[in-house]
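For reference, the structure discussed in these notes is given below.
What follows draws every value from the coordinates through simple rules; no lab data is involved. Computed from a predicted structure; not experimentally measured. Here Cβ is always computed from backbone atoms with ideal geometry, including for glycine, and neighbour counts include all displayed protein chains.
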Amino acid sequence: MANQEEKDIIELEGEEGEMLKLCVERYFFYNGDEYVLLSDDCGQEDGEEISHYVMKVQPLPTDEDGEEMEEFVPVDEDLMDQLIQVVEATFDEEDE
């Protein structure tokens, strides 16, 4: 992993209240809205299963230092299926 660029790492609360450490894999747009692909591949041991999550990016007002802030919001099941297809198609195109 020597040439791998450093990914942003965020912590979110899971469905059962547990803290999840997730890496930002990429941002993408679908139907005019911005989404983010996250994974739990932040220093995982080789061979461990990697989970992916797609969330909507919700811009927030800038903080007192003028830095842009954003919030990641879960999406419903039907939209999730469409977004997964978009992500898979995008990855396939970039791998070619």
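Spherically averaged projected area of the convex hull of Cα atoms, region 6-95: 7.8 nm².
Based on the Cβ-Cβ distance from residue 79 to residue 19, what FRET efficiency comes out when R0 is 30 Å, to the nearest 0.05?
Details: r = 25 Å, r/R0 = 0.84.
Given R0 = 30 Å and the Cβ-Cβ separation, E is 0.75.
Multiplying the residue separation of residue 58 and residue 30 by 0.36 nm and subtracting their alpha-carbon distance yields 8.7 nm.
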